[in-house]
Amino acid sequence: MLCLGVESSCDETALALVEDGRLLHSVLATQADMHALFGGVVPELASREHYRYIGSLFDALMRRSGKRPSDIDLVAVARGPGLLGSLLVGVAFAKGLALGLGVRLLGVNHLHAHLLAVGLEHPLDFPALGLLVSGGHTHLYRMEAPWKCVTLGRTLDDAAGEAFDKVGKVLGLAYPGGRLMDALACEGTAGGVVFPRPYLDNDNLDFSFSGLKTAASSYIQQTLQPATWPRPLCSVDEAPQALKDCCAAFNAAVVDTLCVKTKRALDRNPQLNTVVLAGGVACNSLLRQRIADLMESRGGRALFPSPHLCTDNAAMIAYAGWLIGKEGYFHTLQMETIPRGRIVPDDMLRS
């Protein structure tokens with residue numbers, strides 16, 4: 001079965017083809033440079049760029065893969081959560097294509113697709129514990145099947161990725177700040193600055209990083225002098241040691257919090273001996289090492305997608321679509337698009 005994946009949930013326009021579980025080809029147009037001018041994603045501009053790129057990307061994908069549109073058996077599209085205008089471009093394109101080709105349509109949960117992407121590179125057995133740490137979401141899931149991920153804990157306010165980017169902006173780092181903060185943290189020492197480990201004095205599995213973001217912002221304004229280094233800061237070499245130490249301390253606080261909640265989830269679900277780490281923040285070097293160490297101490301497995309599969313991409317949508325579609329699941333053309341803040345419903349039909 002050949003599945004086309006369409007991804008347009010935020011600021012990446014991407015399409016990919018997966019055939020019988022194998023990625024054939026993928027194409028992507030990023031808007032990062034444009035949104036960097038504003039220090040964050042501008043939704044109206046993002047949706048216009050998706051509309052401008054998506055048709056030509058589809059043509060390029062067909063040409064480079066050697067496939068024809070008539071070869072496609074299933075069209076899978078990220079239906080949410082995400083920016084509504086951006087999602088609507090991809091969903092409308094996918095619906096039109098599925099209707100024109102006379103093939104099945106499948107709306108994919110963008111968050112679940114991040115977790116399933118690891119299956120493109122590693123054998124993935126169910127059940128497993130999924131830790132999703134992306135720009136807008138920090139969630140824990142019990143992954144029971146490709147089409148069934150049960151939420152154990154979720155973001156209550158700022159997600160980890162948002163906290164990284166917002167603190168990076170206060171520091172004057174180039175957008176997006178999270179990647180550079182990780183690089184700076186690798187050359188810093190966390191011991192000199194202590195930030196709180198947020199929302200741990202409870203017995204649940206939810207996350208809240210707004211307090212940590214506020215604490216870090218206050219420390220920066222009161223102690224550091226961001227105006228003394230280039231703005232925006234684009235290179236580790238230009239950063240003073242005090243900035244590197246601050247990033248190391250903030251990084252440690254986020255990672256400690258994520259690991260405490262992950263261990264808590266594993267203790268409550270002893271049948272789970274695999275952790276899947278996914279999302280853009282899954283590229284964080286310290287987080288990968290700490291999750292790997294945690295699972296090694298428990299005699300389990302830690303699975304990480306390659307960095308290019310951690311950020312938004314269409315390969316994960318196509319692969320999730322193939323996994324779920326081969327079991328007979330699909331959507332009608334009445335499928336609804338789900339913006340961020342709403343739960344993606346389990347409304348698939350099965351043939």
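Data for the structure
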item	result
Selection count where residues are open to solvent by 50 Å² or more (accessible area, probe 1.4 Å), of a type in the set (Ser, Thr, Tyr) and under 16 Å from Ala94 (Cα atoms), scope the range 315-351	1
Residues satisfying the stated conditions in the range 204-246, i.e. without any contact (Cβ under 8 Å) to a residue 40 or more places away in the chain and within 30 Å of Asn269 (Cα to Cα)	Gly211
Qualifying residues in the range 32-55 (those that are among the charged types (D, E, K, R) and at pLDDT 90 or above) - the one farthest from Pro176 (Cα to Cα)	Arg52
Residues located in the range 262-280, provided they are at pLDDT 95 or above, in a helix (DSSP H, G or I) and buried (at least 21 other Cβ atoms within 10 Å of the Cβ)	Thr262
Matching helices (runs of 4 or more DSSP H) fully within the range 1-117 where at least 2 residues are more than 30 Å from Arg231 (Cβ to Cβ)	43-65, 84-101, 110-116
Selection from the range 37-66 of residues that are farther than 25 Å from Ala117 by Cβ, touching a residue at least 40 places away in the same chain (Cβ under 8 Å) and among the aliphatic types (A, V, I, L, M)	none
From Ala76, Ala29, residue being closer than 22 Å to Gly177 by Cα and of a type in the set (A, V, I, L, M, F, W, C)	Ala29
Top-ranked residue of the range 158-196 - restricted to ones that are among the β-branched types (Val, Ile, Thr) and surrounded by fewer than 22 Cβ atoms within 10 Å (Cβ to Cβ), ranked as nearest to Lys213 (Cα to Cα)	Val170
Sole residue being under 30 Å from Val27 (Cα atoms), β-branched (Val, Ile, Thr) and more than 22 Å from the chain's Cα centre (by Cα), chosen from Thr311, Thr332	Thr332
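Conditions tested, residue by residue: (1) touching a Leu at 6+ places or on another chain (Cβ under 9 Å); (2) within 22 Å of Glu7 (Cα to Cα); (3) buried (at least 24 other Cβ atoms within 10 Å of the Cβ).
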residue: Leu83; (1), (2), (3): no, yes, no
residue: Leu88; (1), (2), (3): no, yes, no
residue: Leu101; (1), (2), (3): no, yes, no
residue: Gly107; (1), (2), (3): no, yes, yes
residue: His114; (1), (2), (3): yes, yes, yes
residue: Ala128; (1), (2), (3): yes, no, no
residue: Gly136; (1), (2), (3): no, yes, no
residue: Arg142; (1), (2), (3): yes, no, no
residue: Leu152; (1), (2), (3): yes, no, no
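Each row is one residue, and each column tells you yes or no for (1) in contact with a Ser or Thr (Cβ under 8 Å, 6 or more places away or on another chain); (2) open to solvent by less than 30 Å² (accessible area, probe 1.4 Å); (3) among the β-branched types (Val, Ile, Thr).
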{"residue": "Ser8", "(1), (2), (3)": "yes, yes, no"}
{"residue": "Glu12", "(1), (2), (3)": "yes, no, no"}
{"residue": "Arg22", "(1), (2), (3)": "no, no, no"}
{"residue": "Leu28", "(1), (2), (3)": "yes, no, no"}
{"residue": "Asp33", "(1), (2), (3)": "no, no, no"}
{"residue": "Phe38", "(1), (2), (3)": "no, no, no"}
{"residue": "Arg68", "(1), (2), (3)": "no, no, no"}
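The values are calculated or read from the model by the stated rules, or taken from the named source; none is laboratory data. Values in this document were obtained by computation on a predicted structure and should not be read as measured data. For neighbour counting, all protein chains shown are included, and Cβ atoms are generated from backbone atoms with ideal geometry for every residue, glycine included. Side chains included, ligands, DNA and RNA excluded: accessible areas come from the protein's heavy atoms. Shrake-Rupley method; radii C 1.70, N 1.55, O 1.52, S 1.80 Å.
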